[in-house]
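**Student:** Below is a structure I'd like to ask you about.
Only the coordinates and a few stated rules stand behind these numbers; no lab work does. Given the structure is predicted, the values throughout are model-derived calculations rather than measurements. Note that each Cβ is placed from the backbone with ideal geometry, even for glycine, and that neighbours are counted across all protein chains shown.
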Amino acid sequence: MNADGSNINRISFGQGTYATPVWSPRGDYIAYTQIKNGQFHIGLMRPDGSGERAVVNGWLVEGPTWAPNGRVLMFYRQTPSDNWGFGGTAKLYTIDITGYNERLVDTPRDASDPAWSPLLH
């Protein structure tokens, strides 16, 4: 769509539900969360909807945010709790846009909903 909200065009036509779209700082990709068949996926597509692909999936992966260089995403992964609601964790991870080099971001406690700040001058 245009900056003023006019000229809306749908670009996501895959299966499931799309959520949390985030433009890359370079403007070449949109990261998103997709939920299909009981799985969560962090995916990428070009602004015209082409090149759609998942870079990570799991029981609950969500909340993509871009590194200032536009080449790395941060997201959170939550593990399920047991039948009594105990044991679930939420951790932050990074992954490059190729879908490789996934790394845990060490935090003192559980963490979710990351937000990478823009480059500071």
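**Student:** Mind putting together the pair-distance distribution for the chain? All Cα pairs, 10 Å bins, whole percent per bin, short to long.
**Tutor:** Binned Cα distances yield the sequence 13, 42, 32, 11, 2.
**Student:** Work out the FRET efficiency for Q39 and W116 from their Cβ-Cβ distance, taking R0 = 25 Å, and round it to the nearest 0.05.
**Tutor:** On the way: r = 24 Å, r/R0 = 0.98.
Approximately 0.55, to the nearest 0.05.
**Student:** Once the piece of chain linking T20 and D96 is laid out straight, how much longer is it, given 0.36 nm per residue of separation minus the C-alpha distance between them?
**Tutor:** Gain in length upon complete extension: 25.5 nm.
**Student:** Just add up the charged neighbours of L44: K/R +1, D/E -1, any other residue whose Cβ is under 14 Å from the Cβ of L44.
**Tutor:** Result for the neighbourhood of L44: 0.
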